[in-house]
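Trainee: Starting off with a structure, shown below.
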Amino acid sequence: MGLLLGAVVAISRDLLDTRVRGEADVQRVTNEPVIGAIAFDKDAPEHPLVLEIDPHSPRSEAFRALRTNLLYVNPDDPARTLLVTSTVPGEGKSTTSVNLALTLAETGAAVCLIEGDLRRPRMLEYMGLESAAGLTDILVGRADPEDVMQPYVGGLQVLGCGAIPPNPSELLGSTAMERLLERLSRDFDYVIIDAPPVLAVTDAAVLSTVVDGTMIVVGAGVVNRDPLQRAITTLERVDANILGLVLNRLPIKGPDAYSYSYESYRPELPVEGREGRTVSRAARRRARSRAKR
């Protein structure tokens, strides 16, 4: 009876729970590759920039693995203008965009990170940067890119959204946006756009037609299989080049747990001092200061 009850529970869960929990659920929806896997971190809302907070953490290495996988999706013709989106809000597209940009800048590449979510922008808030002027000012001809771009670290330049416009889709699909991306692709090695969720508005579908490739962030336990399928279909209808899916918020315990082998290979602190801890604490203080601003 116990075995029978367990089998019934397992089958019921499989039939009734349609949430995406791991790679197996993604494979039931699409044949698109999974190019990244990021574990859930309860501190992510307060400290979204894990590359700054703890550059040697398993999550930091997961973003570096995403960077590597992205570079090898098409090594002969790598995508240099990238769109990051999701199916629904809350899946972690903005934090993924920022951390991916930081990992690319680590390699010495010149990276432009664009806040392409002109409806509910969060990116500059995470980074502690000014949001008074940005992308919308460029698209309507009030400013040049060099006037509103903000340097961050290394070769990373950040372009915020600016004032929220009444017609985001029209601005993002304009000829001015195409010209801007053409110019930025000449000036930078990589251009990354943080776009709104696919099913919420049409902005991501519009932008996907003017970039080299699109990544879909999939929040484990956040999105269901049917909406994910609709989002992929929406992008396919406009002939978007889907580079792959990034699984985010993966559980670290339970039957769907995602484990990191990197945890046991973290760099050791110097025996003679605590420089590593000092740097880590300083990074945390900077991140908290940015979050408050």
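Trainee: Quick one: net charge of Arg183's neighbours, Cβ under 12 Å, K/R +1, D/E -1?
Mentor: So the surrounding residues net to -3.
Trainee: Another question, if that's okay. Which residues' amide hydrogens lie under 5 Å from the amide hydrogen of Thr81, considering only partners 5 or more residues apart or on another chain, with H built in the peptide plane?
Mentor: Amide H to amide H, under 5 Å and 5 or more residues apart or across chains, Thr81 pairs with Val191, Asp212, Gly213.
Trainee: Mean projection of the alpha-carbon convex hull of the range 125-252 over all orientations, in nm²?
Mentor: Convex hull of Cα atoms, orientation-averaged projection: 9.2 nm².
Trainee: Now a separate question. How big is the Cα convex hull of the range 18-254 in projection, averaged over all directions, in nm²?
Mentor: If you wrap the Cα atoms of the range 18-254 in a convex hull and average its projections, you get 11.9 nm².
Trainee: Next question. Counting other Cβ atoms within 10 Å, keep those with at most 14, restrict to DSSP loop, and tell me which GluC sites (Glu not before Pro) in the range 98-146 are left.
Mentor: Answer by residue number: Glu130.
Trainee: While we're looking at this one, here's another question. For the range 54-182, what does the equivalent ellipsoid look like in terms of its semi-axes, each the square root of 5 times an eigenvalue of the Cα gyration tensor, given largest first in whole Å?
Mentor: Gyration-tensor ellipsoid for the range 54-182: 25, 16, 15 Å.
Trainee: By counting other Cβ atoms within 10 Å of each Cβ, how are Ser185, Ser57 ranked from fewest to most?
Mentor: Details: Ser185 16, Ser57 19.
Ordered from fewest to most neighbouring Cβ atoms within 10 Å, Ser185, Ser57 come out as Ser185, Ser57.
None of the figures in this text is laboratory data; all of them are computed from the coordinates on show. None of these values were measured; they are calculated from a predicted model. Neighbour counts are summed over all protein chains in view; Cβ atoms, including those assigned to glycine, are modelled from backbone coordinates with ideal geometry.
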